[in-house]
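The values are calculated or read from the model by the stated rules, or taken from the named source; none is laboratory data. Keep in mind that what you see is a predicted model, and the values were worked out from it rather than measured. Virtual Cβ from ideal backbone geometry, glycine too; neighbours counted across all protein chains shown. Each accessible area value is taken on the protein alone, full model and side chains, heavy atoms only, with ligands, DNA and RNA left out. Shrake-Rupley method; radii C 1.70, N 1.55, O 1.52, S 1.80 Å.
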Amino acid sequence: MKKSSLKGMMSRVIIYSITVLLSSLFCWREADAQVRAKTVCLTVTDGFSAPLYGVYVVDIRNRLLVTTTDEEGQCKILLKGFSVKDTLEFSCLGFYAKRMAVDSLHDGQVIVLQERSILLEEVAAEGIHPWDLLKGISKEIKKKKEKVKGYRYFGNGQYEKITECNERVVEYRREYGCFATTGNTKKRGTFDRGGEYGFVPKYAARSYPLTVDGTDTLVLLYQTEEKLFFESGKRRVFEFIRVVELYGPLFGGMKDYDFKQIETESGDYTFQFKTKKSRYPNKTFLSCQGTLTIDRRTRKLKVIDFDYVEYALCNQPRWARKIMKEIFFSSRAELKFKYWAEGEYCVESCTMETTWKSSKTEKGRYGTLPSRIEPLKNKLIEKEAFACNSYYEVPAEGRNSAFIFAMGIGSYNPQGEYNAHIFSRLPELLDSKQAFQDLNQYMDIEKQFKRLSNRAYYPVDYLLASPWRWSSILTRGEGVVANFNKIREMMLLCFFTGWRNPLGDEEEVK
């Protein structure tokens with residue numbers, strides 16, 4: 001073959017190869033552009049076709065979280081920015097991770113994750129999916145339609161509160177007595193008149209309520225002026241427990257929250273929860289985040305631990321929610337639950353700490369009242385705790401208007417005898433060391449306890465002038481205020497036939 005012919009043939013081969021290479025490159029870029037331009041909706045399930053919630057979708061090349069699946073196991077992925085060579089990893093606790101090439105994904109695709117073998121045995125033994133577990137517990141504790149109105153359950157309980165201003169304790173309360181609850185009934189009206197907690201102490205250890213600087217006692221225990229609107233004796237913990245029953249995780253709508261199962265060393269089922277941004281504040285009025293624990297053996301709700309919770313909008317009329325553009329306070333809280341013979345749950349304990357974030361008022365109103373004036377300026381912090389020591393059903397003779405009336409008055413204006421022996425035998429719910437140290441600077445704390453023994457928190461004339469207009473209620477019965485102690489004892493000793501001495505039935509209280 002001539003040298004010139006060979007040279008020409010080689011030139012044609014080279015030109016052809018370059019042409020093919022350029023064509024392939026063009027086609028690849030066109031395909032890549034198509035991949036990057038579209039959005040795909042995927043569904044991730046387990047081996048039984050049950051949707052998996054909270055599956056992580058991670059970009060392997062950049063090690064970035066792309067998205068997570070929702071309650072239906074679905075997620076949308078915008079492929080813009082990916083190349084056909086990129087890979088996404090789908091991972092979920094208890095399942096083997098699965099990697100998928102971006103160019104293999106298409107809209108409507110179902111991706112199945114395989115359970116880890118160690119969990120397959122557990123699933124076979126327990127036979128329940130985490131989401132089904134949550135729905136089952138939610139159904140058990142849902143609000144029931146109650147035919148009998150009024151308080152349904154009662155028992156012995158302990159309440160404590162420490163109020164701080166400017167990093168100094170200005171009030172300490174410790175009370176032991178009877179509480180009553182309507183139970184987890186459905187909400188009645190804007191202000192939830194159908195669901196209530198009442199607490200009337202038989203024994204109390206109270207300090208004087210001091211001013212924000214801790215130098216003197218409060219002249220008025222509440223005021224209604226525009227910038228001085230407060231109520232020092234506010235018990236926030238019972239209001240909060242009721243709010244959880246109405247709107248909290250598992251108690252309220254399951255659609256209001258995102259849930260994600262996490263591993264812990266306790267061996268129980270633990271889930272993270274958070275209010276969905278799309279649901280608050282139009283669909284639910286509780287904004288919160290935290291964890292809940294379910295007993296693995298009994299499959300009962302055990303603990304709800306709130307990292308933060310904001311409930312100022314709960315039980316407020318529409319006009320109030322519109323002007324409450326700013327959340328004035330937020331809390332951290334922990335609720336523990338227990339169950340009695342009939343399977344009914346009750347709150348075994350609740351500990352919470354409320355921090356005030358704003359002093360701004362709208363028409364002189366807060367979502368709930370602070371216990372001191374100008375809470376933000378004075379760095380107001382309110383620590384509260386409640387513990388249930390017993391739980392009984394209210395007897396038939398106690399389900400009447402007289403019982404409800406007495407509980408309302410006794411809860412609003414509590415009093416109790418100081419008995420050092422009683423309180424020495426009861427466990428403390430809050431650490432009182434700093435409180436006693438600060439309050440002793442005003443007056444010896446034991447002297448304060450003794451001076452306030454068997455004295456109502458509010459004087460009668462203040463009670464009648466209350467911003468909540470109790471005067472109209474008090475005038476229903478002739479001589480109610482004068483016979484307040486008699487009503488209180490009637491409630492404690494007659495209606496509460498199940499009253500238990502904290503030292504035991506056989507030990508006499510002196």
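Some notes on this structure:
- Scanning the range 163-177 for residues that are open to solvent by less than 10 Å² (accessible area, probe 1.4 Å) and of a type outside the set (A, V, I, L, M) returns Thr163, Cys165, Glu171, Tyr172, Arg173, Glu175, Tyr176, Gly177.
- Pairs are defined by a Cβ separation below 8 Å, a sequence spacing of at least 6 or placement on different chains, a first member in the range 274-293 that is in a loop (DSSP other than H, G, I, E, B), and a second member that is of a type in the set (Lys, Arg) and open to solvent by 30 Å² or more (accessible area, probe 1.4 Å); the pairs so defined are Lys276/Lys255; Arg279/Lys255; Pro281/Arg321; Lys283/Lys255; Phe285/Arg321.
- The range 199-252, subset part of a loop (DSSP other than H, G, I, E, B), of a type outside the set (D, E, K, R) and under 30 Å from Thr275 (Cβ atoms), residue modelled with the lowest pLDDT: Phe229
- Considering residues of the range 253-277 that are open to solvent by 60 Å² or more (accessible area, probe 1.4 Å) and at pLDDT below 90 only, the residue nearest to Ser330 (Cα to Cα): Lys277
- Selection of the range 259-273 for residues being in a strand (DSSP E or B) and either farther than 26 Å from Tyr339 by Cα or in contact (Cβ under 8 Å) with a residue 60 or more places away in the chain (or both) yields Phe259, Lys260, Gln261, Ile262, Tyr269, Phe271.
- Positions within the range 437-470 being modelled with pLDDT of 95 or more and outside any loop (DSSP other than H, G, I, E, B), in sequence order: Gln437, Asp438, Leu439, Ile445, Glu446, Lys447, Gln448, Phe449, Lys450, Arg451
- Residues (small (Gly, Ala, Ser) and closer than 13 Å to Glu175 by Cβ) located in the range 385-435: Ala385, Ala387, Gly410, Ser411, Gly416
- Among the residues of the range 360-383, those that are modelled with pLDDT under 80 and open to solvent by 70 Å² or more (accessible area, probe 1.4 Å) comprise Lys360, Lys363, Arg365.
- Filtering the range 392-431 to residues that are open to solvent by 30 Å² or more (accessible area, probe 1.4 Å), farther than 23 Å from Arg152 by Cα and part of a helix (DSSP H, G or I) leaves Ala420, His421, Ser424, Arg425.
- Single unsatisfied condition, Phe386 versus (1) in contact with a Cys (Cβ under 6 Å, 6 or more places away or on another chain); (2) at pLDDT below 75; (3) not acidic (Asp, Glu): (2)
- Gln434 at pLDDT 95 or above, surrounded by 13 or more Cβ atoms within 10 Å (Cβ to Cβ) and either within 24 Å of Cys350 (Cβ to Cβ) or in contact with a Cys (Cβ under 7 Å, 6 or more places away or on another chain) (or both): yes
- Number of positions in the range 368-390 that are out of contact with any helix residue (DSSP H, G or I) (no Cβ under 6 Å at 6 or more places or on another chain), touching a residue at least 24 places away in the same chain (Cβ under 8 Å) and either in a strand (DSSP E or B) or of a type in the set (A, V, I, L, M, F, W, C) (or both): 9
- If the condition is being in a loop (DSSP other than H, G, I, E, B) and surrounded by 15 or more Cβ atoms within 10 Å (Cβ to Cβ), then the range 84-97 contributes Val84, Asp86, Cys92, Leu93, Gly94.
- Any hit, the range 45-66, residues being modelled with pLDDT under 70, open to solvent by less than 50 Å² (accessible area, probe 1.4 Å), touching an Asp or Glu at 6+ places or on another chain (Cβ under 9 Å) and of a type in the set (A, V, I, L, M): no
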